[in-house]
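Working notes, structure below.
The values are calculated or read from the model by the stated rules, or taken from the named source; none is laboratory data. Given the structure is predicted, the values throughout are model-derived calculations rather than measurements. Backbone-built Cβ (ideal geometry, glycine too); neighbour counts: all protein chains shown.
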Ligand code: FES
């Protein structure tokens, strides 16, 4: 059993409950992209390098998340719509600790 459950609210307010594999070295942005929860081309613009903020999401569950690395902090310092619970999806690896994680995608930056 290597899947975890995630609750992801998309940019138009629809809740998606998805199973994400912990053994495929995926991050949250890739899961959102893989399940096509947002229109193609509107997430993962930088390829997961913490350089675009297209994968920004608000973490609404009480999970103990890994500390942000410098790149993630720097990108969120420049991005729009940033809240205290903002994280970059591409910097959150899918691990068993994230089981039950709830996130809401931030609005698209135009
Ligand atoms: Fe660009 Fe996450 S995909 S910052």
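How many residues, within the range 74-87, are exposed (fewer than 15 other Cβ atoms within 10 Å of the Cβ) and within 12 Å of the ligand (Cβ to nearest atom)?
Residues meeting the conditions: 2.
Test residue 83 against the criterion of being part of a loop (DSSP other than H, G, I, E, B) and free of Cβ contacts under 8 Å to residues at least 12 places away in the same chain, and give yes or no.
It is false that residue 83 is part of a loop (DSSP other than H, G, I, E, B) and free of Cβ contacts under 8 Å to residues at least 12 places away in the same chain.
Based on what the data block shows, is residue 41 within 13 Å of the ligand (Cβ to nearest atom) and farther than 28 Å from residue 2 by Cα?
Against the criterion (within 13 Å of the ligand (Cβ to nearest atom) and farther than 28 Å from residue 2 by Cα), residue 41 qualifies.
Counting only residues that are in contact with a strand residue (DSSP E or B) (Cβ under 6 Å, 6 or more places away or on another chain), buried (at least 17 other Cβ atoms within 10 Å of the Cβ) and under 15 Å from residue 104 (Cα atoms), how many does the range 33-61 have?
Of the residues in that region, 6 qualify.
Is at least one residue of the range 18-32 within 11 Å of the ligand (Cβ to nearest atom) and either farther than 17 Å from residue 102 by Cβ or modelled with pLDDT under 95 (or both)? If you could, list the steps in order and put the result at the bottom.
Looking only at the range 18-32, we keep the residues that are within 11 Å of the ligand (Cβ to nearest atom), and these are 27-30, 32.
Restricting the remaining residues to those that are either farther than 17 Å from residue 102 by Cβ or modelled with pLDDT under 95 (or both) gives 30.
Yes, the range 18-32 contains a residue that is within 11 Å of the ligand (Cβ to nearest atom) and either farther than 17 Å from residue 102 by Cβ or modelled with pLDDT under 95 (or both).
Filter the range 19-50 for residues that are assigned to a strand (DSSP E or B) and under 13 Å from the mean Cα position of the chain (by Cα); which is nearest to residue 69 (Cα to Cα)? Before you say what the answer is, go through the steps one by one.
Initial filter on the range 19-50 (assigned to a strand (DSSP E or B)): 19-21, 27.
Filter once more, so that each one left must be under 13 Å from the mean Cα position of the chain (by Cα): 20, 27.
Details: 20: 23, 27: 15 Å.
Residue satisfying both the conditions and the ranking: 27.
Does residue 90 satisfy the criteria of being assigned to a loop (DSSP other than H, G, I, E, B) and surrounded by 16 or more Cβ atoms within 10 Å (Cβ to Cβ)?
Spelling it out, it is not the case that residue 90 is assigned to a loop (DSSP other than H, G, I, E, B) and surrounded by 16 or more Cβ atoms within 10 Å (Cβ to Cβ).
Residue under question is residue 15, and the condition is that it be surrounded by 15 or more Cβ atoms within 10 Å (Cβ to Cβ) and either within 14 Å of the ligand (Cβ to nearest atom) or closer than 20 Å to residue 102 by Cβ (or both); does it hold?
Working: surrounded by 15 or more Cβ atoms within 10 Å (Cβ to Cβ): no; either within 14 Å of the ligand (Cβ to nearest atom) or closer than 20 Å to residue 102 by Cβ (or both): yes.
The answer is no for residue 15.
Among the residues of the range 62-73, write down those that are closer than 23 Å to residue 18 by Cβ, under 14 Å from the mean Cα position of the chain (by Cα) and surrounded by fewer than 19 Cβ atoms within 10 Å (Cβ to Cβ).
Within the range 62-73, 63, 65, 66 qualify.
The conditions are (1) under 14 Å from the mean Cα position of the chain (by Cα); (2) within 13 Å of the ligand (Cβ to nearest atom), and residue 102 fails exactly one of them. Which is it?
Exception for residue 102: condition (2).
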